[in-house]
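Structure first, then comments.
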Amino acid sequence: MRLDAFLDQFYADLLMAERNRQLTAMTYRISAEIFLLWCQDRHLKLSKVTSKDLIYYSVWRKAQGISEITLAKDLSGLRALGEFLVREKYWTENYALVLDRPKLAKTLPAVLTRNEIELLLSSIDISTPLGIRDKAIFELIYSCGLRISECCSLKIVNLHLHEMFILVKGKGGKERVIPFGKEAKEILEKYLNEVRPTLVGDKVVPEVFVNFRGQAISRKGIWKKFKQIQAITGIDAKVHTLRHSFATHLLEGGADLISVQELLGHSDLATTQIYTHVTDKQLEDAHHQYFPGHKNALKDVDE
């Protein structure tokens with residue numbers, strides 16, 4: 001079987017049989033392709049692969065200088081491929097299970113200050129129809145702590161403008177209700193009344209946000225718009241940084257951890273707790289910057 005056909009079969013199995021999300025399935029497909037090309041270069045038949053070969057492959061990938069996160073994704077993809085190969089009778093067991101998952105360093109999420117958020121949002125030119133749409137997108141992402149995929153897939157029927165909340169379907173099909181603020185309501189109203197009807201025309205489009213063709217906006221479309229905002233403001237951030245900032249600002253304002261967990265749609269409270277470390281670090285940095293005690297003590301010693 002040709003490589004492309006085999007990868008397509010693996011990808012379809014991930015979606016249909018394993019019920020993986022499309023993005024996850026594509027990530028696993030890419031990892032599988034890299035591994036299978038490695039096997040081809042070494043004239044190694046798939047049915048002859050052993051645990052030792054997978055260890056050699058893992059060492060080879062590390063030697064390429066890829067990050068620990070990429071290595072972890074590779075391993076997940078290889079394990080998924082191994083399960084598929086066992087079902088298809090290529091392997092008698094999943095040899096990829098012998099590989100150890102790399103230990104990922106816990107990094108704190110990047111967070112913007114309230115002033116930086118204000119600068120980002122106020123830099124969007126709302127004198128144009130698409131500018132109004134862009135302002136509505138990023139106001140809502142920040143106001144609700146949305147993932148970019150959740151923003152793209154948000155349906156008109158799940159937007160309750162007058163009550164100021166949305167119904168979001170997140171990871172694993174979990175639904176959650178999220179309120180939004182006055183600024184988001186005002187720009188959403190303007191977008192829905194003045195802009196969206198002209199973009200959509202006679203088409204029936206269930207999604208809230210559409211592109212200039214009147215079709216549901218894509219993740220890539222939102223990323224592209226955010227990069228333009230970055231270029232204007234000079235602020236180094238990603239779209240997902242708005243979600244991190246939403247959570248951190250809630251905790252700074254006194255929100256309890258359980259409420260933030262519900263708003264973010266985290267299944268595990270430990271995932272939400274990382275934002276408490278962000279606020280702890282901000283307090284520590286502020287202490288070092290503004291509290292004179294240690295600085296004066298060091299000065300006394302020097303003198």
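The values are calculated or read from the model by the stated rules, or taken from the named source; none is laboratory data. Since we're looking at a predicted model, the values are computed, not measured. Cβ: placed from backbone, ideal geometry, glycine included. Neighbour counts: every protein chain shown.
Is it the case, given these coordinates, that Lys225 is basic (Lys, Arg), assigned by TED's automatic domain parsing to the domain that holds Ala270 and either in contact with a Leu (Cβ under 7 Å, 6 or more places away or on another chain) or at pLDDT below 95 (or both)? Spelling it out, it is not the case that Lys225 is basic (Lys, Arg), assigned by TED's automatic domain parsing to the domain that holds Ala270 and either in contact with a Leu (Cβ under 7 Å, 6 or more places away or on another chain) or at pLDDT below 95 (or both). Of all residues in region 122-171, those satisfying the criterion of being outside any loop (DSSP other than H, G, I, E, B), among the polar types (S, T, N, Q) and farther than 19 Å from Pro206 by Cα are Ser122, Ser143. Leu15 falls short on exactly one of the conditions (1) under 30 Å from Ser153 (Cβ atoms); (2) of a type in the set (A, V, I, L, M); (3) exposed (fewer than 14 other Cβ atoms within 10 Å of the Cβ), and that condition is (3). A residue that is at pLDDT 90 or above, surrounded by 13 or more Cβ atoms within 10 Å (Cβ to Cβ) and in contact with a Gly (Cβ under 6 Å, 6 or more places away or on another chain) occurs somewhere in region 85-94. Among helices (runs of 4 or more DSSP H) entirely within region 186-261, having at least 2 residues that are without any contact (Cβ under 8 Å) to a residue 60 or more places away in the chain and closer than 19 Å to Arg133 by Cβ singles out 196-200, 219-233. Applying the criterion of at least 2 residues that are over 21 Å from Asp100 (Cα atoms) and touching a residue at least 24 places away in the same chain (Cβ under 8 Å) to the helices (runs of 4 or more DSSP H) found wholly in region 1-89 leaves 3-16, 22-41.
For every residue, the table says whether it meets (1) more than 13 Å from Leu242 (Cβ to Cβ); (2) polar (S, T, N, Q).
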| position | (1), (2) |
| --- | --- |
| Leu75 | yes, no |
| Val98 | yes, no |
| Asn115 | yes, yes |
| Leu120 | no, no |
| Phe138 | no, no |
| Tyr142 | no, no |
| Glu163 | yes, no |
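Within region 175-186, can one find any residue that is surrounded by 14 or more Cβ atoms within 10 Å (Cβ to Cβ) and among the acidic types (Asp, Glu)? Yes. Considering the conditions (1) surrounded by fewer than 16 Cβ atoms within 10 Å (Cβ to Cβ); (2) closer than 21 Å to Asp125 by Cβ; (3) of a type in the set (Ser, Thr, Tyr), Ser218 is excluded by exactly one of them, (2).
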